[in-house]
There are 2 protein chains.
Amino acid sequence: MSVSASRNVSNRRIVARTTELPEQVDLRRARGRILVAALHLFADQGYGGTSVRDICGRAGVQPTTMYAHFPSKEDVLAELLRIGHEELYRRLRSALLDVEPDPRVRLEALVRAHVHSHCEFPMLAVVANAELHALSEHKSESILAVRQQSESLLVDVLERGVQCGQFKVADMLLTLRAISAIGTRVAFWYGPDCGRTPEQIADTFAAFAASIVGLPPRSG
Amino acid sequence: MSVSASRNVSNRRIVARTTELPEQVDLRRARGRILVAALHLFADQGYGGTSVRDICGRAGVQPTTMYAHFPSKEDVLAELLRIGHEELYRRLRSALLDVEPDPRVRLEALVRAHVHSHCEFPMLAVVANAELHALSEHKSESILAVRQQSESLLVDVLERGVQCGQFKVADMLLTLRAISAIGTRVAFWYGPDCGRTPEQIADTFAAFAASIVGLPPRSG
DNA sequence: GTCTATAGTCTGATAGAC
DNA sequence: GTCTATCAGACTATAGAC
């Protein structure tokens, strides 16, 4: 597939249409339908651009039903952000448990898990990244803590690689920001029609991360 | 400066407070004050989270005055998006004109210009990247065309580097997405207190881009 | 160009029946 | 848990004076 054919020429900020939620959410029940509807609309239109009636209309319930499950519209967002951040952290940590303690292998595992998570749950990732600001400071505290934990996983791997003399990292913060950015943006442009499988993207971006920390390309 | 000390632990989606606009905007006139006020608020709260009263209150004018200068709130956003996208394109193209036609030099020049533009006008970049979806499809057409032009500058440099045998690019789209992502995200985390100058960030990220396309580190 | 005042609609959230 | 009906306030945008 050519480059231009798969470039996003719409003004939508997310390409994918996948609305699935990672946790066991019963779509036959009102709570689950509300969460999925809100996820879709927040990803598409933003929190401020989505009304309670929009959410309830899409979920097929009345506003009263939403308020029976969530104290406010803001709490619906908070729940989505919690699910999104915790799912990513769970996957990143799990990826590290699955592999040997070699820094290169661990770096690649983190990047691959990041990519796979964002390809599988793009809307959740977009909302997590683009709508956190809509939450009050108090309600965002616990979510920010999870984000910090996820970031620390990458920092730890980078620092270990430097200690071993395996990585060349001149600036830890900038290296962290660059590698995170590559993975984060996947959620915004990935779609089933982009011509690449999540596996291919994960492979490629893991190699990019390795090259950023000064590793030579893998043979083969 | 340590990594943790400069990591953003607030839920704000932009760290910087710089609201300057690149074009000659007269802040003594209502139109300019409205644009700057809207830029600040859209960056902070999003388009949907900002009311006309918010904008006018911050600009020190009445809503009627805003409607004398712009047909609607949406047109204020459209003007900011136009300014932001055109300024970035202007800088990217200008960066290419300033350097010799060597692919490595041109790739580094593009990344450096991207970084500098986002450090200088972070709010404009955040709004351009995060609020385009709030625009109607019709009004976003011309803006998307400018974005496509900017992207094409990078694609052309990458393709030239591959033709010369200087770059190793296995997947053009993924390389484009990765290098763009690194620069784009700068607008969200850069602040004067991050402990790095725009020059340092530009140097580092230009080197990352070079390593992504398979170039060896510059000597020295 | 800027103001006061307001139209008409939509907003988040709630009362109370079942 | 879900409904109908509705509150009080905020919303975008406009009318008309100066």
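Kindly indicate whether residue A:99 is within 14 Å of DNA strand D (Cβ to nearest atom), more than 15 Å from the chain's Cα centre (by Cα) and modelled with pLDDT of 95 or more.
Answer is no for this residue.
All but one of (1) acidic (Asp, Glu); (2) more than 15 Å from DNA strand C (Cβ to nearest atom); (3) within 14 Å of chain A (Cβ to nearest Cβ); (4) over 15 Å from residue B:187 (Cα atoms) hold for residue B:44; which doesn't?
Result: residue B:44 fails condition (4) only.
If we scan region B:77-91, do we find a residue that is β-branched (Val, Ile, Thr), more than 12 Å from every other protein chain (Cβ to nearest Cβ), within 16 Å of DNA strand C (Cβ to nearest atom) and within 20 Å of the chain's Cα centre (by Cα)?
Scanning region B:77-91 turns up no residue that is β-branched (Val, Ile, Thr), more than 12 Å from every other protein chain (Cβ to nearest Cβ), within 16 Å of DNA strand C (Cβ to nearest atom) and within 20 Å of the chain's Cα centre (by Cα).
Failed condition for residue A:134, given (1) over 23 Å from residue B:43 (Cα atoms); (2) in contact (Cβ under 8 Å) with a residue 60 or more places away in the chain, with all others met?
Against the list (1) over 23 Å from residue B:43 (Cα atoms); (2) in contact (Cβ under 8 Å) with a residue 60 or more places away in the chain, residue A:134 comes up short only on (1).
Find all pairs meeting these conditions: Cβ atoms under 6 angstrom apart; at least six residues apart or on different chains; first residue within region A:64-84 and among the hydrophobic types (A, V, I, L, M, F, W, C); second residue within 15 Å of DNA strand D (Cβ to nearest atom) and not in a helix (DSSP H, G or I).
A:76/A:70; A:77/A:47
Being assigned to a loop (DSSP other than H, G, I, E, B) and hydrophobic (A, V, I, L, M, F, W, C): is that true of residue B:105 here?
Numbers: assigned to a loop (DSSP other than H, G, I, E, B): no; hydrophobic (A, V, I, L, M, F, W, C): yes.
The answer is no for residue B:105.
How many residues, within region A:179-220, are in contact with a Ser or Thr (Cβ under 8 Å, 6 or more places away or on another chain), touching a residue at least 12 places away in the same chain (Cβ under 8 Å) and under 17 Å from residue A:153 (Cα atoms)?
1
Of the conditions (1) modelled with pLDDT under 95; (2) away from chain A (no Cβ under 14 Å), residue B:5 fails just one. Which one is it?
Among (1) modelled with pLDDT under 95; (2) away from chain A (no Cβ under 14 Å), the lone unmet condition for residue B:5 is (2).
The values are calculated or read from the model by the stated rules, or taken from the named source; none is laboratory data. The structure presented is a predicted model; accordingly, all values stated were derived computationally and were not measured. Reconstructed Cβ throughout: ideal geometry from the backbone, glycine too, with neighbour counts over all protein chains shown.
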